1. Just name the residue that is surrounded by the most Cβ atoms within 10 Å (Cβ to Cβ) out of those in region 21-32 that are among the hydrophobic types (A, V, I, L, M, F, W, C) and free of Cβ contacts under 8 Å to residues at least 24 places away in the same chain.
2. Between a residue in region 33-45 that is free of Cβ contacts under 8 Å to residues at least 40 places away in the same chain and any residue that is among the acidic types (D, E), which pairs come within a Cβ distance under 7 Å, given they are 6 or more apart or on different chains?
3. Would you mind finding the one in I4, I48, I18, I52 that is in contact (Cβ under 8 Å) with a residue 60 or more places away in the chain and out of contact with any strand residue (DSSP E or B) (no Cβ under 7 Å at 6 or more places or on another chain)?
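No lab work stands behind these numbers, since they all come straight from the coordinates. Small disclaimer: the values here were computed from a predicted structure and weren't measured. Quick reminder, even Gly has a Cβ in these numbers, built from the backbone with ideal geometry, and neighbours come from all protein chains shown.
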Amino acid sequence: MAYIPLDDLEVYKVAMQIGEEVWAVVNSWDVFPKKTIGVQFCDAADSIAANIAEGHGRFHFKENKNFCFYARGSLLETK
């Protein structure tokens with residue numbers, strides 16, 4: 001299988017967009033909700049793309065697959 005650069009992966013692009021949209025929403029909240037649920041919401045959303053990127057950088061397919069599972073968990077947490 002040919003190597004595909006991270007920035008060319010559609011799933012990574014969508015994950016980055018989710019993170020940006022979550023940050024924009026949380027940034028408009030008042031201080032209390034922003035510091036309580038907002039921080040966790042942003043962390044979960046950012047973790048989607050971060051786990052895809054980390055898995056993509058691994059040498060073995062099994063490691064990449066594990067990070068994809070972590071990304072899926074972060075996606076469900078964000079939802």
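1. Of all residues in region 21-32, those among the hydrophobic types (A, V, I, L, M, F, W, C) come to 22-26, 29, 31-32.
Subset that is free of Cβ contacts under 8 Å to residues at least 24 places away in the same chain: 23-26, 29, 31-32.
On the way: W23: 15, A24: 9, V25: 13, V26: 17, W29: 14, V31: 8, F32: 9.
The selected residue is V26.
2. A44/E77
3. When all the criteria are applied, what remains is I18.
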